[in-house]
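Q: Have a look at the structure that comes next, please.
The values are calculated or read from the model by the stated rules, or taken from the named source; none is laboratory data. Bear in mind the structure is a predicted one, so any value in this text is a computation, not a measurement. All Cβ positions, even for glycine, are placed from backbone atoms using ideal geometry, and neighbour counts span all protein chains on display.
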Amino acid sequence: MDTEMKMVAWVGEQPPNDVPKGANTFGVSGSSEVKIYMVYDPARVAEPTGRAHWPLDANVDVVVVADKVSKDLNDLKVKVSYFESPDARAVGHSVLYLTSVDVSLDADTGRTGKVKKGSGDKSHVVTSPCSTELTQVSRRVPQKTWRWGSGGSGAILLVNCDRDVRGSREDLHASHLRSLEDLQDMSPMVLSCGGPDELFESHKLVLKVSLPDSRRLRVFCARGGTSLSNYKQVLGPHHEVYEVERHPGESDIQFYVEGLAFPDTNFSGLISLSVSLENTEALSEVSLFTDSVTFRVAPWIMTPNTQPPLELYVCSVTDAHGRNDKFLEDMAHLALKANCKLVVCPRVDNHNDRWIQDEMEFGYIEAPHKSFPVVFDSPRNRGLRDFALKKILGPDFGYVTREIQYAGASGLDSFGNLDVSPPVRVGNKEYPLGRILIGGNFPKSSGRRMARVVRDFLQAQQVQAPVELYSDWLSVGHVDEFLSFVPTSDQKGFRLLLASPSACLQLFQELKEKGYGEAAQFDGLKHKTKRSINDILADKHLRRDSVHVQKCIDWNRDVLKRELGLSESDIVDIPQLFFLKGAYAEAFFPDMVNMVVLGKYLGIPKPFGPLINGRCCLEEKVRSLLEPLGLHCVFIDDFLSYHQLLGEIHCGTNVRRKPFSFRWWNSVL
């Protein structure tokens with residue numbers, strides 16, 4: 001039997017420091033259940049021929065390894081014989097009676113989805129026949145290290161942030177187990193404690209966690225049976241130490257561990273638990289052996305537009321122009337094409353707040369044994385503030401949020417200002433889960449930024465190292481107003497779309513030179529003044545604004561190329577005009593980059609561009625750029641219900657997507 005750790009106690013007929021006078025060498029033998037090894041410094045000690053008699057030297061240690069748990073006290077034996085010379089008889093003996101006990105703390109460190117006891121580290125007794133004492137208990141190398149990468153090791157803990165039982169909050173807020181299904185969200189841990197019952201009458205096992213870590217987990221002890229009363233919380237908030245209740249004959253005790261907190265400021269995500277074997281008959285309780293295991297809390301992971309869509313969320317609202325029924329019909333049609341479920345949030349739940357992208361972001365958490373989606377609720381807190389908590393949180397659907405404590409949320413705290421790239425390679429560095437993108441102020445300026453509490457949370461997840469872009473030049477200030485990612489069927493797998501005033505003005509100039517200067521922007525729109533191509537090109541203020549906006553976008557373009565490892569061929573410029581209102585920019589016509597991406601189907605704001613031979617020139621330009629990449633452009637009228645309120649389709653929708661097939665713990669950080 002392979003055991004990961006043993007404790008060995010001994011009782012000798014002769015004290016180990018009672019070496020017979022005149023003895024110069026020694027030999028060791030033992031019971032068949034023990035293995036004996038010699039550990040020495042070859043620079044100081046010469047290995048004897050045949051390895052029979054070793055010199056009595058402080059640089060020679062005897063390592064005794066027990067591969068079998070004792071059935072009775074002192075049922076293993078090690079005999080040390082002392083000699084004056086190699087050929088002489090022994091001048092004395094020491095006999096050590098040993099008791100082997102299996103004490104180890106194990107979790108799914110191999111990341112297979114099951115707890116497997118390790119076999120690489122064996123316990124042993126180390127003693128020198130010249131020393132004044134024997135080391136009574138082996139020091140197994142604890143599982144303190146947690147290693148990233150496909151060849152790494154270390155257990156994983158999920159934050160128990162779903163709600164398996166009807167209630168108001170996540171399961172992690174309950175101090176007791178509320179359902180047996182909840183165990184599936186926890187990580188199993190096994191305490192091995194095999195050995196003679198008599199030994200445990202004078203020794204105890206103590207499970208411990210540090211004070212900071214006790215606030216980040218709960219540990220439940222399972223005692224057989226299928227009722228909730230069979231699961232007792234033993235560690236967690238206000239419970240840092242648990243004296244294990246070992247029953248006679250018990251060799252394994254099952255525990256379940258749940259996470260209570262995501263990685264964040266002052267919390268790396270690593271949590272360690274230890275078990276100690278303590279002698280209760282000593283004058284002061286002494287820890288004879290300690291084993292430990294380290295968990296890493298699974299990070300919250302965002303999914304980019306390149307991941308297949310599962311659910312499309314949109315709000316039903318009413319405004320001065322009536323209900324957005326036509327928009328909902330268009331979304332239903334688009335979702336049907338993309339084989340994606342449509343979820344309509346009714347007014348009773350959204351309180352006429354249509355900006356569902358700004359309210360929340362979908363992601364997921366994953367361990368080898370379990371994965372489930374988790375919605376990140378923004379600190380924005382408008383009409384949709386309770387939607388994620390009350391309508392999305394549920395069985396195997398988690399919830400997390402970050403609140404701003406001392407000031408209200410700014411526009412940049414909305415999650416239209418939060419995006420994530422597809423997987424990228426930057427030089428020799430791989431980002432297999434992409435990189436999070438957030439908008440903020442121009443570096444070293446005093447402009448608006450996303451709240452620190454949100455930025456810190458995103459940074460602490462580690463696996464999608466955030467990049468901060470410059471979005472403060474926009475009136476609303478969100479990154480989704482000037483960028484988007486779309487999946488492609490070529491080797492690259494995606495393109496970055498950037499709004500481009502320069503591309504729009506160039507298109508209009510080319511059309512003017514072809515004799516279409518009188519074709520008008522906003523043709524076919526009621527309640528909106530038409531603007532001819534000639535008029536737009538002659539508008540000095542609009543041209544000046546376009547130059548300013550293009551500089552802002554180009555600054556971001558350089559950052560994105562550098563931080564995502566992109567080349568110009570990876571970027572598609574989408575024609576778009578902006579105008580300045582005060583110091584901030586707004587879209588001149590519906591912002592086509594602010595689209596919803598459902599696989600190869602793109603729901604793009606209808607731009608109402610100049611009609612050339614009966615077809616919108618802006619739509620035709622975008623089709624020519626994207627359809628060769630295997631994409632289908634579906635232009636949708638969002639002018640009255642969204643564009644005039646400073647938002648577009650992406651702002652008014654949200655998509656839950658399929659998680660990555662790549663396992664985050666295989667990342668190399």
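Q: Does PHE295 satisfy being under 14 Å from the mean Cα position of the chain (by Cα), buried (at least 22 other Cβ atoms within 10 Å of the Cβ) and not in a loop (DSSP other than H, G, I, E, B)? Lay out the reasoning, then the answer.
A: Working: under 14 Å from the mean Cα position of the chain (by Cα): yes; buried (at least 22 other Cβ atoms within 10 Å of the Cβ): yes; not in a loop (DSSP other than H, G, I, E, B): yes.
Answer is yes for this residue.
Q: While we're on this one: Of the conditions (1) more than 28 Å from GLU568 (Cα to Cα); (2) part of a helix (DSSP H, G or I), HIS527 fails just one. Which one is it?
A: Every listed condition holds for HIS527 apart from (2).
Q: I need a count of the residues in the range 20-57 that are part of a loop (DSSP other than H, G, I, E, B) and under 22 Å from VAL95 (Cβ atoms).
A: If we filter the range 20-57 for residues that are part of a loop (DSSP other than H, G, I, E, B), which is where we start, we get 20-24, 31-33, 41-48, 52-53, 56-57.
Add one more test, that the residue is under 22 Å from VAL95 (Cβ atoms), and what stays is 20-24, 31-33, 52-53, 56-57.
Qualifying residue count for the region: 12.
Q: Same structure, new question: For PHE485, are the conditions met, namely being in the same structural domain as ILE604 (by TED's automatic domain parsing), crowded, with 20+ Cβ neighbours inside 10 Å and over 25 Å from ASP539 (Cβ atoms)? Before you say what the answer is, go through the steps one by one.
A: Working: in the same structural domain as ILE604 (by TED's automatic domain parsing): yes; crowded, with 20+ Cβ neighbours inside 10 Å: yes; over 25 Å from ASP539 (Cβ atoms): yes.
Taking the combined requirement at face value, the residue satisfies it.
Q: Only one of GLY434, GLY447, GLY398 is over 27 Å from LEU564 (Cα atoms) and not basic (Lys, Arg); which? Give the steps one after another, and end with the answer.
A: Numbers: GLY434 fails: over 27 Å from LEU564 (Cα atoms); GLY447 fails: over 27 Å from LEU564 (Cα atoms).
That would be GLY398, the only listed residue that is over 27 Å from LEU564 (Cα atoms) and not basic (Lys, Arg).
One line per residue, one yes/no per condition, for (1) in contact (Cβ under 8 Å) with a residue 12 or more places away in the chain; (2) closer than 18 Å to ARG296 by Cα:
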residue	(1), (2)
TRP146	yes, yes
ASP162	yes, no
GLU170	yes, no
LEU177	yes, no
ASP182	yes, no
CYS193	yes, no
ARG216	yes, yes
SER229	no, no
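Q: Tell me which residues, restricted to the range 427-451, are more than 21 Å from the chain's Cα centre (by Cα), under 28 Å from PHE660 (Cα atoms) and exposed (fewer than 15 other Cβ atoms within 10 Å of the Cβ).
A: Matches in the range 427-451: GLY427, ASN428.
Q: Which residue, of PHE608, PHE639, PHE660, PHE589, is at positive phi, assigned to a loop (DSSP other than H, G, I, E, B) and at pLDDT 95 or above?
A: Numbers: PHE639 fails: at positive phi; PHE660 fails: at positive phi; PHE589 fails: at positive phi.
PHE608 is the lone residue from the list that is at positive phi, assigned to a loop (DSSP other than H, G, I, E, B) and at pLDDT 95 or above.
Q: Determine whether the range 185-201 contains at least one residue that is among the aromatic types (Phe, Trp, Tyr), surrounded by 15 or more Cβ atoms within 10 Å (Cβ to Cβ), assigned by TED's automatic domain parsing to the domain that holds HIS173 and part of a loop (DSSP other than H, G, I, E, B). Quick ask: steps written out before the conclusion?
A: First, pick out the residues of the range 185-201 that are among the aromatic types (Phe, Trp, Tyr): 200.
Next, from what is left, pick out any that are surrounded by 15 or more Cβ atoms within 10 Å (Cβ to Cβ): 200.
Within this subset, residues satisfying the condition of being assigned by TED's automatic domain parsing to the domain that holds HIS173 are 200.
Of the ones still in play, those that are also part of a loop (DSSP other than H, G, I, E, B) are none.
No, the range 185-201 has no match at all.
Q: Mind counting the residues in the range 453-507 that are in contact with a helix residue (DSSP H, G or I) (Cβ under 7 Å, 6 or more places away or on another chain) and aromatic (Phe, Trp, Tyr)?
A: Number satisfying all stated conditions: 3.
Q: I'd like the full set of residues that are at pLDDT 95 or above and surrounded by fewer than 17 Cβ atoms within 10 Å (Cβ to Cβ), limited to the range 154-181.
A: none
Q: Oh, and also: Looking at the structure I just gave you, is VAL165 touching an Asp or Glu at 6+ places or on another chain (Cβ under 9 Å), under 22 Å from PHE295 (Cα atoms) and not in a helix (DSSP H, G or I)? Explain how you work it out, then say what you get.
A: Numbers: touching an Asp or Glu at 6+ places or on another chain (Cβ under 9 Å): yes; under 22 Å from PHE295 (Cα atoms): no; not in a helix (DSSP H, G or I): yes.
When the stated conditions are applied, VAL165 does not pass them.
Q: Continuing with the same structure: I'd like the residue in the range 320-332 that is touching a residue at least 24 places away in the same chain (Cβ under 8 Å) and part of a helix (DSSP H, G or I) and, out of all such residues, is nearest to VAL596 (Cα to Cα). Before the answer, list the steps.
A: Just the residues of the range 320-332 that are touching a residue at least 24 places away in the same chain (Cβ under 8 Å), to begin with: 321, 324, 326-327, 330-331.
Within this subset, residues satisfying the condition of being part of a helix (DSSP H, G or I) are 326-327, 330-331.
Details: LYS326: 16, PHE327: 13, ASP330: 12, MET331: 10 Å.
If we take residues in the range 320-332 being touching a residue at least 24 places away in the same chain (Cβ under 8 Å) and part of a helix (DSSP H, G or I), then MET331 is nearest to VAL596 (Cα to Cα).
Q: Further, regarding this structure: Somewhere in the range 468-484, is a residue farther than 23 Å from MET592 by Cβ and modelled with pLDDT of 95 or more? Give the derivation first.
A: Initially, the range 468-484 is screened for residues farther than 23 Å from MET592 by Cβ, giving 468.
The next check asks that each one be modelled with pLDDT of 95 or more; those that pass are 468.
Yes - at least one qualifying residue is present in the range 468-484.
Q: Taking the range 643-654 as the search range and keeping residues that are surrounded by 24 or more Cβ atoms within 10 Å (Cβ to Cβ) and touching a residue at least 60 places away in the same chain (Cβ under 8 Å), which one is nearest to ASP358 (Cα to Cα)?
A: Ranking the qualifying residues of the range 643-654, first place goes to CYS651.
Q: Quick test of your reading of the structure: TYR406 fulfils all but one of (1) surrounded by fewer than 16 Cβ atoms within 10 Å (Cβ to Cβ); (2) in contact with a Ser or Thr (Cβ under 6 Å, 6 or more places away or on another chain); (3) aromatic (Phe, Trp, Tyr). Name the failing condition by number.
A: Exception for TYR406: condition (2).
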